[in-house]
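The values are calculated or read from the model by the stated rules, or taken from the named source; none is laboratory data. Not measured: the values here are computed from a predicted model. Ideal geometry is used to build each Cβ from the backbone, glycine not excepted, and the neighbour counts take in all protein chains shown. In case anyone asks, the SASA skips ligands and DNA or RNA and just uses the protein heavy atoms, side chains included. Shrake-Rupley method; radii C 1.70, N 1.55, O 1.52, S 1.80 Å.
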Amino acid sequence: MLTTVLDVDRTRALNDILRRSLSGGILMLTAGVIALGRERQQVILDAVAAYDGFTPDNDPRGEHDFGALEVAGERVFFKIDYYDRGLKGHSPDPADSSITTRMLTIMLAGEY
C-alpha cells in the first residue's frame, strides 16, 4: 500500500514536470492545435502549464494526467500517456522514468 502511494506521488510529480516545463517527455500537438498558429499554441501551452483544476472527479488516480480547459477561444484537452522506452507499448511502471517515456498530447476538444 505505501509503495502504491509513493508511486502515485512520483508519477504525479513527473507528470507535473512535463506539463509545466515540457521536459522529461515528448510533446504532441494535434493537427487542430498546430493549425491555430504559433502565437495561440504558446497561449495554450502556458495555460496547460498553469492548470491546477485537478479534483477527485477529474483526476481519480491523482496522477495529474488529464485536463480540460478553455483557452485562446478553444476548448482544449491535455493527456499524458506512459509508454515503454521503445514507444511500442505501455510502460509497466509510470513512476520509473528509466523505463517510461511520457507523452503529453494537447488537442482541441473537437478532435477527441
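In table form, for the structure just shown:
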{"item": "Computed accessible area, ASP81, all protein chains, 1.4 angstrom probe, square angstrom", "result": "40 Å²"}
{"item": "Theoretical ellipticity at 222 nm over the chain - DSSP helices of four or more residues, -39500 (n - 2.57) apiece, nearest 500", "result": "-10500 deg cm²/dmol"}
{"item": "Sequence ranges 36-42, 71-77, ranked by mean other-Cβ count within 10 angstrom, highest first", "result": "71-77, 36-42"}
{"item": "Length-normalised contact order of the chain in % [C-alpha pairs under 8 Å, at least 6 apart]", "result": "32 percent"}
{"item": "Exposure ranking of ARG20, ARG12 by accessible area [1.4 Å probe, largest first]", "result": "ARG20, ARG12"}
{"item": "Cβ-based net charge around GLY62, under 11 Å, with every Lys or Arg adding one and every Asp or Glu removing one", "result": "-3"}
{"item": "For volume of the Cα convex hull per residue in Å³, calculated from these coordinates, the label among [x] 117; [y] 106; [z] 284", "result": "[y]"}
{"item": "The chain: angle of helix 38-50 to the longest principal axis, Cα-based, in degrees nearest 10", "result": "40 degrees"}
{"item": "Tilt relative to the chain, helix 2-21 - C-alpha long axis, 0 to 90 degrees, to 10", "result": "30 degrees"}
{"item": "Listed residues ILE106, ILE26 arranged by accessible area, highest first, probe 1.4 Å", "result": "ILE26, ILE106"}
{"item": "DSSP-defined antiparallel bridges as percent of all bridges, segment 8-108, nearest 5", "result": "75 percent"}
